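**Student:** Submitted below is the structure of interest, expressed as structure tokens.
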Amino acid sequence: MKIIARNAPAVFVALALLVASALCLASVGPLAERPAIVLGAYILAGSAWLLALHLARSGRVSLRLVVVGAVLLHLGALASDLRTTDDAPRLAWEGRVILDGASPYAFAPDAPELADLARSHPRLHAAVNHREVPAAYPPLAQAVGVLSAASQGDADEPEVGTRSVRVLFAVLDLLALVPLVALLRRRGLPDGLALAWGWCPLVAFEIAGAGHLEALALAPLLGALALGERSRGRTADVGAAALFALSILAKLLPIVLLPWFVRSERWRWRVAWVLAFVLIGFAPFLQPLSPLRGAERGVLLGMSEYALRWDGFHVVHRFVEGACALVFDRGPGWTDPRRIARALLAAVWFGWAWRTWRRERDPARAALDLFGAWIVLTPILHPWYALWCVPWLAVRRAPAFAFLAVAIPLAFVPVIGWQREGAWLEPPWLWPVVALPFLLILLRSALAHWRPREHARDLA
């Protein structure tokens with residue numbers, strides 16, 4: 001208690017800066033209208049979060065204060081209107097397609113088969129991004145889209161569905177603190193470290209503020225890991241497997257943690273239950289069970305488009321693709337440098353995953369290795385992708401990813417040009433300001449981790 005009392009002023013200064021920044025972001029309006037204020041408030045809030053995270057590592061933040069701060073931050077995010085993304089209208093559109101009896105995985109928003117739906121909901125259709133590409137989000141995300149569309153009734157009001165999605169995700173975001181605290185307690189770590197997730201401004205404003213799907217995936221993933229660690233019987237295994245499957249059905253990325261989740265004496269049962277729940281989730285969109293038009297086309301059209309075509313701000317992919325482009329020309333075949341670069345970096349990721357499997361048994365610690373490597377190697381790093389590394393900062397120190405969570409909002413700068421002029425232009429200073437320091441801090445941490453091992457080997 002003396003430690004908490006002695007450092008209370010610093011803790012409350014951090015919380016005050018977070019709340020003040022949240023109020024600023026809640027009142028400033030869309031990003032494109034006042035980018036300097038928005039990004040400045042984001043950086044200030046992130047710096048306050050870093051201070052609070054540092055203090056929490058010594059047990060200087062109470063769980064009650066974490067919850068209060070998280071609620072205040074999320075209320076500010078719900079009141080905001082930064083418009084950093086347009087994913088929520090797309091969810092609502094895909095939900096509308098399902099309610100119309102068609103599969104969003106089969107028909108892009110601009111498909112002729114959906115022309116009547118587009119004419120009856122012109123505002124929603126116009127608000128959808130990349131209207132030439134079918135759905136890529138898994139079935140649980142589609143279920144949220146159905147709820148979003150149903151909340152609008154017959155009205156053509158994208159904002160209504162967006163607000164309902166944001167409220168739902170804000171609640172899930174806050175509920176994620178429960179399993180995170182359970183994971184901390186099992187590792188003998190302070191409860192206050194849950195602020196790594198609860199007080200992170202990037203988390204609040206990209207989930208409650210923008211309506212991204214990460215909370216829909218990360219909340220059940222944290223729940224699955226927490227319940228799986230406590231599991232003493234088959235019933236608990238089924239519950240943990242159901243949560244893990246829900247995470248995969250929200251975003252496919254959590255599947256990389258499956259080998260760690262099933263790492264137990266009852267691994268066969270866990271694998272079987274996870275696969276069963278995932279298949280049940282996909283069944284409404286697959287023949288012969290699906291009643292939806294176009295179900296015979298499967299569910300991979302949009303995902304394959306995303307995997308092969310999407311590009312943007314990234315950390316190392318530019319250099320690998322650039323090297324491949326010196327040898328190969330762009331084209332429809334597998335000699336396209338974009339495909340070769342993706343294949344090479346995927347091989348690097350699998351090699352890193354194998355190393356992690358051999359050295360790390362703790363799934364919460366392995367998560368940062370796996371998701372962190374994906375962040376480094378991915379051909380497109382949207383700011384909200386960094387959320388995949390944030391909850392694990394409560395369990396282990398990772399200065400590079402903590403820095404990234406603070407600096408990555410600067411990657412919204414190309415969004416400003418997109419919203420104003422329809423041109424996606426990455427400024428030349430962005431990579432040196434965000435990616436280069438991130439890589440240098442990552443390298444420094446790797447060397448610090450490697451040297452003691454080498455010293456111990458020399459002594460032996």
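The values are calculated or read from the model by the stated rules, or taken from the named source; none is laboratory data. Predicted model only: the values in this text are computed from it and were never measured. Note that we place each Cβ from the backbone using ideal geometry, even for glycine, and neighbour counts take in every protein chain shown. Accessible surface is based on the protein model in full, side chains and every heavy atom, while ligands, DNA and RNA are left aside. Shrake-Rupley method; radii C 1.70, N 1.55, O 1.52, S 1.80 Å.
**Student:** Expressed in whole Å with the largest first, what are the equivalent ellipsoid semi-axes of the chain derived from the C-alpha gyration tensor as the square root of 5 times each eigenvalue? Walk me through the numbers on the way to the answer.
**Tutor:** On the way: eigenvalues 221, 144, 128 Å².
Rounded to whole Å, the semi-axes are 33, 27, 25.
**Student:** Provide the FRET efficiency to the nearest 0.05 for the LEU326-ALA155 pair, computing r from the beta carbons and using R0 = 56 Å. Don't skip to the answer; put the middle values down first.
**Tutor:** Values: r = 53 Å, r/R0 = 0.96.
So the FRET efficiency works out to roughly 0.55.
**Student:** I've got another one for you. With every protein chain kept in place and ligands, DNA and RNA left out, what is the accessible area per residue of the stretch 278-351? Probe 1.4 Å, answer in Å². Can you show the working numbers first?
**Tutor:** Numbers: 4420 Å² over 74 residues.
Value for the stretch 278-351: 60 Å² per residue.
**Student:** Using heavy-atom solvent-accessible surface (probe 1.4 Å) with all chains present, what is the largest-first order of TYR385, TYR137? It would help to have the intermediate numbers written out before the result.
**Tutor:** On the way: TYR385 15, TYR137 40 Å².
Greatest to least solvent exposure: TYR137, TYR385.
**Student:** Quick one: length gained pulling LEU300 to ARG358 fully straight, 0.36 nm per residue minus the C-alpha distance?
**Tutor:** Details: separation 58, 0.36 × 58 = 20.88 nm, distance 3.17 nm.
Taking LEU300 through ARG358 to full extension adds about 17.7 nm, to one decimal.
**Student:** Report the accessible area of ILE375, computed with a 1.4 Å probe over the heavy atoms of all protein chains in place, in Å² rounded to the nearest 10.
**Tutor:** Approximately 0 Å² of ILE375 is accessible to the 1.4 Å probe.
**Student:** What's the FRET efficiency of ALA16 with ARG64 using the Cβ-Cβ distance as r and R₀ = 25 Å, to the nearest 0.05?
**Tutor:** On the way: r = 17 Å, r/R0 = 0.67.
My answer for the efficiency is 0.90.
**Student:** Mark the label point 7 Å from the Cα of ILE43 along Cα→Cβ and return the residues of the stretch 431-451 whose backbone N is within less than 16 Å of it.
**Tutor:** Counting only backbone N, you get 431-438.
**Student:** Probe 1.4 Å, all protein chains in place: accessible area of PHE12 in Å², nearest 10?
**Tutor:** Here the residue's solvent-accessible area equals roughly 120 Å².
**Student:** While we're here: Rounded to whole Hz and in sequence order, give me ³J(HN,Hα) for the stretch 402-412 from the Karplus expression 6.51 cos²θ - 1.76 cosθ + 1.60, θ = phi - 60°, writing x for Gly and Pro.
**Tutor:** Taking θ as phi minus 60°, the curve returns 5, 4, 4, 4, 7, 8, 5, x, 4, 6, 6 Hz for the stretch 402-412.
**Student:** Next up: Please work out the Cα center distance from the stretch 111-182 to the stretch 5-79, rounded to the nearest Å.
**Tutor:** For the stretch 111-182 versus the stretch 5-79, the Cα centre distance is 28 Å.
**Student:** I've got another one for you. If I stretch the segment between LEU99 and SER27 completely, what's the gain in nm (0.36 nm per residue apart, minus their alpha carbon distance), one decimal? Could you put the intermediate results ahead of the total?
**Tutor:** Values: separation 72, 0.36 × 72 = 25.92 nm, distance 3.52 nm.
Taking LEU99 through SER27 to full extension adds about 22.4 nm, to one decimal.
**Student:** List the relative contact order of the chain as a percent without decimals, with contacts defined as Cα pairs under 8 Å and 6+ residues apart. Please list the in-between numbers first.
**Tutor:** Details: 710 pairs, mean separation 74.5, N = 460.
So the answer I get is 16 percent.
**Student:** Still on this structure, please answer the following. Could you sort TRP273, TRP197 by their accessible area in this structure, using a 1.4 Å probe and putting the largest first? Walk me through the numbers before you get to the answer.
**Tutor:** Numbers: TRP273 85, TRP197 0 Å².
The ordering from most to least exposed comes out as TRP273, TRP197.
**Student:** Need one number: nm distance between label points at ASN129 and PHE350, each 7 Å from Cα along Cα→Cβ, rounded to one decimal.
**Tutor:** Distance between label points: 2.9 nm.
**Student:** Cβ under 14 Å from TYR385's Cβ, TYR385 left aside: what net charge do those residues give with Lys, Arg +1 and Asp, Glu -1? Write down the numbers at each step before the final one.
**Tutor:** Working: positive: LYS251; negative: ASP87, GLU206, GLU214, ASP311.
Counting the neighbours of TYR385, the net charge comes to -3.
**Student:** Which FRET efficiency value, to the nearest 0.05, do you get for ARG234 and TRP424 by plugging their Cβ-Cβ distance into 1/(1 + (r/R0)^6) with R0 = 60 Å?
**Tutor:** Numbers: r = 50 Å, r/R0 = 0.84.
Using R0 = 60 Å, I get an efficiency of 0.75.
**Student:** Let me ask something else about it. Full extension from ARG119 to VAL433: what is 0.36 nm times the residue separation minus their Cα-Cα distance, to one decimal in nm? Display every interim value, and only then the final one.
**Tutor:** Values: separation 314, 0.36 × 314 = 113.04 nm, distance 4.46 nm.
Here the answer is 108.6 nm.
**Student:** Find the centroid of the Cα atoms in the stretch 378-400 and in the stretch 256-289, then give the distance between the two in whole Å.
**Tutor:** 25
**Student:** To continue, here is another question. Got a number for carbon plus sulfur as a percent of the chain's accessible area, 1.4 Å probe? Numbers along the way, then the final one.
**Tutor:** Values: 13460 of 20490 Å².
The value for the chain is 66 percent carbon and sulfur by accessible area.
**Student:** Non-local amide H neighbours of PHE313 (under 5 Å, H modeled in plane, Pro and chain starts lacking H): which ones?
**Tutor:** LEU381
**Student:** Amide H neighbours of ARG293 under 5 Å, counting only residues 5+ apart in sequence or on other chains, H built in-plane at 1.01 Å?
**Tutor:** Those lying under 5 Å, H to H, from ARG293 are ALA102, SER103.
**Student:** 222 nm [θ] for the chain, helices only, -39500 (n - 2.57) per DSSP H run of 4+, per residue, to 500?
**Tutor:** Values: 22 runs with 295 residues, N = 460.
Estimated from H runs of four or more residues: -20500 deg cm²/dmol.
**Student:** Per-residue accessible area for HIS130 at 1.4 Å probe radius, Å² rounded to 10?
**Tutor:** Accessible surface of HIS130 is approximately 80 Å².
**Student:** Whenever you get a sec, line up ASP81, ASP156 from highest to lowest accessible area (probe 1.4 Å, protein heavy atoms).
**Tutor:** Details: ASP81 60, ASP156 30 Å².
So the residues, ranked largest to smallest area, are ASP81, ASP156.
**Student:** For the stretch 50-183, what does the accessible surface come to per residue with a 1.4 Å probe? Please give it in Å². Let's see the in-between values first.
**Tutor:** Numbers: 5150 Å² over 134 residues.
Solvent-accessible surface per residue comes out at 38 Å².
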